[in-house]
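Here's the structure we're looking at; comments come further down.
The values are calculated or read from the model by the stated rules, or taken from the named source; none is laboratory data. Model, not experiment: these values are computed from the prediction. Heads up, the Cβs are rebuilt from the backbone with ideal geometry, glycines too, and the neighbour counts pull from every protein chain shown.
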Amino acid sequence: MTKHNWHKLTASQRAKIPEGARLAEVDARLDVLEVEGRARLKALRPKPAKSAEAIIANLSVAARLIFVEDHPEAHGLITRAIQDLAALSGGK
């Protein structure tokens, strides 16, 4: 990054550098995954849960769709809720 003054380069200039081309591919894939994750989460609007297990299942899906690196607080809250609900429901 320092060698190429990475932060001063445009996207097209970064893409011409071997490392930059690979990073651009990774960024593009992450963008696709983010859009897909949002669409899946929207599509999974469940009916009201009828059991603690159903709530745990819904939260487990949400935990998989939310990247801990992007939203550490939200991910932590969801995973904590899963653990708490499992404990309260007798570990089922």
Let me confirm something: among Ala24, Ala49, which residue is aliphatic (A, V, I, L, M), closer than 30 Å to Ser89 by Cβ and either in the same structural domain as Asp84 (by TED's automatic domain parsing) or modelled with pLDDT of 80 or more (or both)? Ala49
Filter segment 45-92 down to residues that are hydrophobic (A, V, I, L, M, F, W, C) and closer than 24 Å to Val32 by Cα, then give me how many there are. 10
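Regarding Ala15, is this residue over 30 Å from Gly90 (Cβ atoms) and surrounded by 13 or more Cβ atoms within 10 Å (Cβ to Cβ)? Give the derivation first.
Values: over 30 Å from Gly90 (Cβ atoms): yes; surrounded by 13 or more Cβ atoms within 10 Å (Cβ to Cβ): yes.
Spelling it out, Ala15 is indeed over 30 Å from Gly90 (Cβ atoms) and surrounded by 13 or more Cβ atoms within 10 Å (Cβ to Cβ).
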Quick check: is even one residue across segment 72-89 assigned to a helix (DSSP H, G or I) and either in contact with a strand residue (DSSP E or B) (Cβ under 6 Å, 6 or more places away or on another chain) or aromatic (Phe, Trp, Tyr) (or both)? no
Please determine whether any residue of segment 34-50 is within 29 Å of Asn5 (Cβ to Cβ) and out of contact with any helix residue (DSSP H, G or I) (no Cβ under 9 Å at 6 or more places or on another chain). yes
Ile56 vs. criteria within 17 Å of the chain's Cα centre (by Cα) and outside the structural domain of Ala11 (by TED's automatic domain parsing): no
